[in-house]
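Have a look at the structure below, then the notes.
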Amino acid sequence: MLNSLWLIPVWPLLGFLVNGFFGRRIGKTAVGTIACGSVGLSLLASLGALGKLLARPAEARRVEQVLAPWIGAGNFQADWGLLLDPLSAVMILVVSGVGFLIHVYSIGYMREDPDYPRFFTYLNLFTFSMLMLVLANNYLLLYVFWEAVGLCSYLLIGFWFEKKSAADAGKKAFIVNRVGDFGFALGVMLLWTSLGTLRYDQVFAAAPAQLVAGGGVVTAITLLLFLGATGKSAQIPLYVWLPDAMEGPTPVSALIHAATMVTAGVYMVARSAPLFTLAPLSLSVVAWIGGLTAVFAATIALVQTDIKRIVAYSTISQLGYMFLGCGVGAYAAAIFHLMTHAFFKALLFLGSGSVIHGLSGEQDIRKMGGLRKHMPITAWTFLIAALANAGIFPLAGFWSKDEILYGAAAGGYGAVWALGAGGAFLTAFYMLRCYYLTFEGRSRVEPEAAHHLHESPPVMTVPLVILAVFAALVGFVGVPPEHGAYHRFVEPVFAGAKQVAGHAASVGEVPMAILSLVIALVGVWLATRFYVWRPEIPARMVERYPAAYRTLLHKYYVDELYDALIVEPIRRGSLWLWRRFDEPVIDGSVNGIGALIRIGSLALRRVQTGYVMSYVLSFIVGVVAILGYLAFWR
Amino acid sequence: MELLVFAGLALVAAVAGLLVIVQRHAVYSALFLIITMGSLAGIYILLDAHFVWVIQVIVYAGAIMVLFLFVIMLLDIRSEPAPWAPPDRGRILIAVLLSVVLLAELGVAVARRFVLAPAGGPAVASSFGRTQTVGRLLFTDFLFPFEITSIILLVAMVGAMVLAKKRLH
Amino acid sequence: MSVPLSAYLILSAYLFAMGVVGVATRRNALIIFMSIELMLNAVNLSFLAFARFLNSMDGQIFVFFVMVVAAAEVAVGLAIIIAIYRNKETVDVAELNLLKW
Amino acid sequence: MLETLIVMLVKIGVVFGALLLTVAYMTWIERKVIADIQVRLGPTRVGPYGLLQPIADGLKLMFKEDLIPSQVDRAIFLLAPSLSIIPAFIAFAVIPFGDSTTLFGLLSRPVPLHITDIDVGVLFVFGAASLGVYGIVLAGWSSNNKYSLLGGLRSSAQLISYELPMGLSVVGVLLLVGSLSLVDIVKAQAGVAWWFGILPVPNWFLFSQPLGFCIYFCCALAETNRAPFDLPEAETELVAGFHTEYSSMKFAMFFMAEYANMITVAALATTLFLGGWLGPIAPSPVWFLGKVFLLLFLFIWFRATLPRFRYDQLMNFGWKRLLPLALLNTAITAIVAVRG
C-alpha cells in the first residue's frame, strides 16, 4: 500500500470521469454507487496506508513518492509527488472517512434533484482534489489542488445556479478566495526565490540554515501563506464568503465548508510549522487572528436565525480555535481539533440538512421547535454534536478544545487564552440555543410544512448515527491529553517546531480542563435558562440592548463595510475607466486599426481576381525573378 | 549511337510535351503526356536508371495517366474552344513570354555551370541504378523518408475516398 | 558518341517551361494538372541526369519519392476535381472564382 | 557481331511467329476443348479435325468491310487496337522459353533462348500489362457509344483492381529469389525439394508459394477478361463491351490481344511458379510449352465451368479477398525468408 500511494486519490478521479462523462446515461443508482464506492475505496486505501504506517517505527513514518516529473525548467523542478506522514494520514482519513459518510448521505438528500449526476461529479472531483492537496509533497502541487478545491467549492456553492443568491454566493466565495490565494501564490514564489525549492523536505531542511530566524523574509513568506489560509479557512478579514456559501446544498456545506476544504488553511499552516517556527511575529499574528475570529464569529452566531448560518459561524469560530492552536505552537492540538471538528461539525450540518429536508426546505429556526418528537434520531445526534462543539466532557470537542486552550495558557499567551475561553462560553450558549429552538419547546412549524414533517430515510440517518458515534468517542484517541495515542502518532511531525514554542508558563492540566468545562457548562446553563426555563428573557435582552442586537444581527456590518470600502470604489473606478479610457482609447485604437486595414483591403482586394491563372502568373513572375537572380548575378 | 538514341527520344519527348499543352481535348493531352513519359523512360535507361525507368512506366504511364483518362471519361468533358481564343489572349502572351525568359535563364545557368562537364559522365559501377542498389538505399539511408511516403500514400488514399465519395442526402 | 549533361538539362528545362506554359494558359483543370505532372517529370529528368553525372544514387532515390508524392497528389487532386465537377458541372478554373473579392 | 544480330533477329522472328500461330490456334483449341466438355464436336469442316478453321476465320476477318462509325473520334478509334495488341506482344520479350542452346552444334557458342534478360523483367511484364489498359479504355471512349464506354471503364477498372493483388502475389517469389530477372527466377527453381523430408517434389515455387500461385491465377483470369471475370464483354448487359463498334481486322486485333495476353500471363505463371523451361530429358522449350499449354487448358476449363461474376462481387473479391490474402502471403513469406 505504501509503495502505491496513488491508489488513495485515484478512485474519486475515476468516479469523477465516469460520472462526468456518462452520468446522465447510467442512471441515478449507478451514479450514486460509483460516487460512494470510489470514496469508499479511497477510505479503504487510506485505512490500509494508516495500518502500514502504524506498523513502522515512529521515526520511519514518512513515505514520499514521485509519480512523474511535472515541470522542469532550468533549476525549477516540480513533480507529481505524494507524501504520506502522520499529518497527511490524519487528513486523508478525515477527508475520505467523513467524505464517504457525506456521499452516502447525499444519495438520500439529493434524491429528487434533476442534476444528481452533476452533483456527484463535482463531489468526486472535490474529494480527489482534497486528497491530492493533503498528499502533495511540494508547495506548487499543494497550490494547484488548493485552487482545484476552490473551484469545486465555487461549483458546488453555485450548484443551484439558477437561483441568483446561490450564483452570487459562488462568485463571492471565488473572489474573496482570490485575495487569499494571491497572497499564497506570492508566498510560494518568495519561498522559491529564497530557497530554490518547493519540496517540503528540502524547504524545511534548508529554511533554518538559509533564512534568518525572525527575519523579514521568513516573516513575509509565512504571513503571505497565512493570508492564503485566512481566505481558504475563512478567518478575519476574509471570512465573509463562508456564511454565504450556505446557499449550496447542505452536504456540500458539511463536506467542504465544515469538515475538509476550510481546514486546508489549518493543514497548510501546520504543514509549514517549521517555517512559522522561524517567524515568531507571524505566529502571534496567527494566534491573534485565530482568537479574534473565534470570539467574533461566535458573537454573530448568537443572534442568527438561519440554522445553517449558525453552524457556519460556528465553523468560522472553530477554525479560529485551530489557528489559535497553531499560533501558540500547539500544532498537534490544532490538527486534533481539526479532526474532531470534522466529525461533529459535519454531523451538525447533516443534522440541519435532515431538519431542512424534513421541513421541505425551511431553514429559519424561528419556524421550528419541538421537532424532537418527529425526528428523534436527528435530534439526538444533533444534540451530541452540539454538546461536542460546546466542549462538554467527555465528547470529542472537549478534549481537543481543551488542549488548544491549555496550549495557549501553557505557552504564556494569556490574552489569547482569554479570547478562546470567551469563545468557548459563547459557543456553548449558541449551540444549545440552536438545539433548543429547533428541537425543544413548542412547535412553531408552518402548517403546510408540518403536514409533511417526517424523519429522514435510513440512507441519511445511518451516516448521522455513525458520525454521532465518532463525534462522541473520537476524542479518546487523544486521552490522556498531550500523551494519547493520537499524540504519539502525530507529535513527531512537529518535533522541530515544538522546541521553540516551549512551555513558558507552568499551569496544571487538570485544573485547566476543569475550568474550561465549567465555562462551557455555564454557557449551557445560560442557554437552558434563556430558552427553556424563561423563554421571555431573549426578547427582553433585545429590547434592552437594541444597538448591540442590530449590530450582531447584521454581522457587524462587515459586508456593508467591504462593499463601501472595496467593492464600490472598484466598481466606480472600473466604470470610469470603461467610459473614459477603454472605450475611446483602447477600443478606439483597435477599431481604428481595423478600419485602416479595411480601407487598405478594399483597395488591395482587387488583386484577388479569383482566377487561378492570374495567381499562377504572379507565381511564375516570382520564379523567373528568383531564377534570374540566381542565373545572372550569382 | 547513344547520342542518336537520345536525340530521337528527346525529339519525341519535346514535341509531345509541346502538344500536351495545346490540345483542345484533355484525352489528347493525356495521350501526348503518355508519349512524353514513355520517351523519358527511354532516356532514363541511357542514364543507367535501370530500376527507375520501369517504375516510370508502371507508375506514371500505368497508374497515374490511367487515372487521368478515367476521370476525363467519367466527367464527360467536351472539347473546349481553342486555348488561344480572345479572352485569354493577353494572359497567354505574357505567360509564353515569361516561360521563354524562364527557359533562357535556365539555359544561361546550364551554359555557365555545366556545359563543360565531360560528355557521358564518369564511369559508374555496374550496380548503379539497379533494383538491389535502390532497394538497399531505401531500406537503410532513406528508411525514414521511405516510411513517411507510406503515410503520405495512406493519407492520400483516405483523402481521395472521402473527397470523391457521393454524399447521401 | 556520348550525351553531354547539358543536353539532358536543356531537355529538362524545356519540358519544365512547357509545363509552366500549360499551367499558366489553360483553363481546363485536368490539363493544368497534367502540365504539373509534366513539370514533375522534367524535374525527375534533372535528378537522374545529375545522379548519373555525379555518380550518386541519391538523385534516383529522390525520383522515387517524387513519384510517390506525384501519385498521392494525383489521387487527391483528381478526387477534388471530381468533387468540384459534381458541384459546379465544370472543370474550367475560370469559373471557379469563389475566392474572388 | 553479325552472328549475334542474326541470332537476335531470328529469335524475335521465331517468338513473334510462334506467338501469332499460338494465338490463332488457341481459338481452335478453345472451341475443341469446350465442345468436348459440352459433348459436342466443335469445328470439323475446314481441314482435318477443323485444323484450318483459324486460317479461314482470319481470312474472313481480313476481307470483311472495315466499318468506322461517323461519330467516333477517328484518330483514337484507329489507334486503340494497336495500343491493345502491342503491349501484349512486347511483354514476351523478357520471357525465357528455354535453356541456352547451341542448336545441336549449329552455332559457335550457346545462345540463351530468350529475346532479352533485363534485371527488372517481372516489372517489365507488369508494366506492359498496365499499358494494355489504354487500348481498351480508349477504344471504349472513342467509340462514342454508351455500351462501349461502360465496357471500357469496367474493363480498365477491373484491370487496375486486379493488377494490385497480382503484383503482390509474386512478391513472395521475388523475396525468395532476390532478383527481378526472369532467368534468375527460373534458375532458382532448379533441383528437388523434399516435402516433410520424404516426399520429393520439383523445387518450383508452386509448392513453396501455393497461395501466391492461386492468387496469381485468379488475377490472371481477371486481367485477361476471361470467364468467370469476363464482365467487360458481358453480352447481356453491354452488347460486346468496348469493342462493340469494331469490326473486321481491328476487331481481330483486340481478339488477338486478348489471346496473346492469355499466353503471356500463362508464360509468366510458368516462369514464376512452374519452373519455366526446367524439366528432365525432353528439350527445355518443350517443357516450357507443355506447362504453358497446361495452364491455357486450365483457362478454358474455367471458362467452360464457372458462371460469370456480378460486378460488385468482382470488385469485392479483388479488393476484400485477394488483396488481403496477397498481403498476408507477402508478410508470411517475408518472415520465413528473414528467419530461414
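Proximity of backbone amide H atoms, modeled 1.01 Å from N, is registered between residue A:70 and A:78, A:79, A:80 at under 5 Å, excluding neighbours fewer than 5 places apart on the same chain. The mean number of partner chain beta-carbon atoms within 10 angstrom of a residue's beta-carbon across peptide D:155-161 is 2. The alpha carbon centroids of region A:540-576 and region B:1-56 are separated by 93 Å. The portion of the accessible surface of region D:64-339 made up by carbon and sulfur, rounded to a whole percent, is 69 (1.4 Å probe; DNA, RNA and ligands excluded).
When the solvent-accessible area of region A:296-451 is split by element, carbon and sulfur atoms take up 62 percent of it, the probe being 1.4 Å.
When chain D is described by a simple charge dipole with +1 on each Lys and Arg Cβ and -1 on each Asp and Glu Cβ, the residue from D:127, D:200, D:326 located farthest towards its positive end is D:200.
Filter the chymotrypsin sites (Phe, Trp or Tyr not before Pro) in region D:100-139 down to the DSSP loop ones having no more than 11 other Cβ atoms within 10 Å, then list what survives.
Details: sites: D:104, D:124, D:126, D:134; in loops: D:104.
Sparse-neighbourhood loop chymotrypsin sites (Phe, Trp or Tyr not before Pro): D:104.
Taking every protein chain into account, the accessible area of the protein assembly as shown amounts to 43 square angstrom per residue (probe 1.4 Å). Rounded to two decimals, the Cα radius of gyration of the protein assembly as shown over 2.2 N^0.38 Å is 1.43.
Taking a sphere under 15 Å around the Cβ of residue A:481 and counting the other residues whose Cβ falls inside, with K and R at +1 and D and E at -1, yields a net charge of -3. Over chain D, the fraction of Cα-Cα pairs per 20 Å bin, rounded to whole percents and listed from the shortest bin up, is 28, 58, 13, 0.
Calculate what fraction, in whole %, of the accessible area of region C:5-88 sits on carbon and sulfur atoms when a 1.4 Å probe is rolled over the protein chains. Each step should come with its number before you reach the end.
On the way: 1660 of 2280 Å².
Looking at region C:5-88 in its full context, I get 73 percent from C and S.
Comparing the full protein assembly with the isolated chain, the residues of region D:120-140 losing at least 20 square angstrom of accessible surface (1.4 Å probe) are D:120, D:123, D:124, D:127, D:130, D:131, D:134, D:137, D:138. Which value, in square angstrom to the nearest 100, describes the accessible area buried between chains B and C on both sides, using a 1.4 angstrom probe? Interface between B and C: roughly 6800 Å². Shown here is the pair-distance distribution of region B:130-169: with all Cα-Cα distances grouped in 10 Å bins from zero up to the longest one, the shares run 27, 30, 22, 14, 6, 1 percent. Each part gets one Cα centre, and for region A:111-136 versus region D:125-195 those centres are 65 Å apart. Here the peptides A:536-549, A:166-179 are ranked by packing, the mean other Cβ count within 10 Å, and the order with the highest first is A:166-179, A:536-549. As a ratio to 2.2 N^0.38 Å, the alpha-carbon radius of gyration computed for region B:2-127 takes the value 1.31. Within the shell defined by Cβ-Cβ distances under 11 Å, the residues around residue A:559 carry a net charge of -1, with Lys and Arg each +1 and Asp and Glu each -1. Peptide D:179-189 has a mean of 1 when you count, residue by residue, the C-beta atoms of other protein chains within 10 Å of its C-beta. For region C:5-88, the dipole from Cβ point charges (+1 on Lys and Arg, -1 on Asp and Glu) about the Cα centre works out to 360 debye, to the nearest 20. For the residues of B:13-26, the average number of beta carbons from a partner chain within 10 Å of their own beta carbon is 6. Give the longest segment of chain B that steers clear of trypsin sites (Lys or Arg not before Pro) in DSSP loops with at most 13 neighbouring Cβ atoms within 10 Å, not counting the sites themselves. For trypsin sites (Lys or Arg not before Pro) (loop position, at most 13 other Cβ atoms within 10 Å), the longest site-free span of chain B is B:79-164.
Taking θ as phi - 60° and the Karplus parameters 6.51, -1.76 and 1.60, the scalar couplings of region A:87-99 work out to 4, 5, 4, 4, 5, 5, 5, 4, 4, 6, x, 4, x Hz in sequence order, x denoting glycine and proline.
Per residue, the average separation of C-alpha pairs within less than 8 Å and at least 6 apart gives chain D a relative contact order of 22 percent. Take each peptide in C:74-80, D:24-30, count the other Cβ atoms within 10 Å of every residue, and average; sorted highest first, the result is C:74-80, D:24-30. Three semi-axes describe the equivalent ellipsoid of region A:526-613; taken as square roots of 5 times the Cα gyration tensor eigenvalues and ordered largest first, they are 70, 17, 6 Å.
Using C-alpha pairs under 8 Å with a sequence gap of at least 6, the mean separation divided by the residue count of region A:227-377 gives a relative contact order of 28 percent. Look at the dipole of the protein assembly as shown built from charges on Cβ: of C:98, A:458, A:447, the Cα furthest out on the positive end belongs to A:447. Between region A:1-68 and region A:206-253, the C-alpha centres lie 27 angstrom from each other. Using the Cβ-Cβ distance between residue A:603 and residue B:165 with R0 set to 41 Å, the FRET efficiency from 1/(1 + (r/R0)^6) comes to roughly 0.45. Interface of B with D. Using a 1.4 Å probe and counting protein heavy atoms only, the two chains hide about 1900 Å² of accessible surface, both sides summed. As a ratio to 2.2 N^0.38 Å, the alpha-carbon radius of gyration for chain C is 1.33.
Buried accessible area for the A:B pair, summed, 1.4 Å probe, in Å² rounded to 100?
Result for this pair: about 1100 Å² buried.
Sorted from greatest to least, the principal axis extents spanned by the alpha carbons of region D:133-235 come out as 60, 26, 16 Å.
Taking a Cβ cut-off of under 12 Å around residue A:110, the surrounding Lys, Arg, Asp and Glu residues balance to a net charge of 0, with basic ones at +1 and acidic ones at -1. One quarter of the convex hull surface built on the alpha carbon atoms of region A:83-227 amounts to 9.6 nm², the projected area averaged over directions.
Calculated on the alpha-carbon coordinates, the convex hull of chain A measures out at 233 cubic angstrom per residue.
Taking the average, over residues, of other Cβ atoms within 10 Å as the packing measure, peptides A:480-487, A:220-227, A:379-386 rank A:379-386, A:220-227, A:480-487 from highest down.
The values are calculated or read from the model by the stated rules, or taken from the named source; none is laboratory data. Computed from a predicted structure; not experimentally measured. No Cβ is skipped: glycine too gets one built from the backbone with ideal geometry, and neighbour counts run over all protein chains shown. When the accessible area is computed, the model is the full protein with side chains, heavy atoms only, and any ligands, DNA or RNA have been set aside. Shrake-Rupley method; radii C 1.70, N 1.55, O 1.52, S 1.80 Å.
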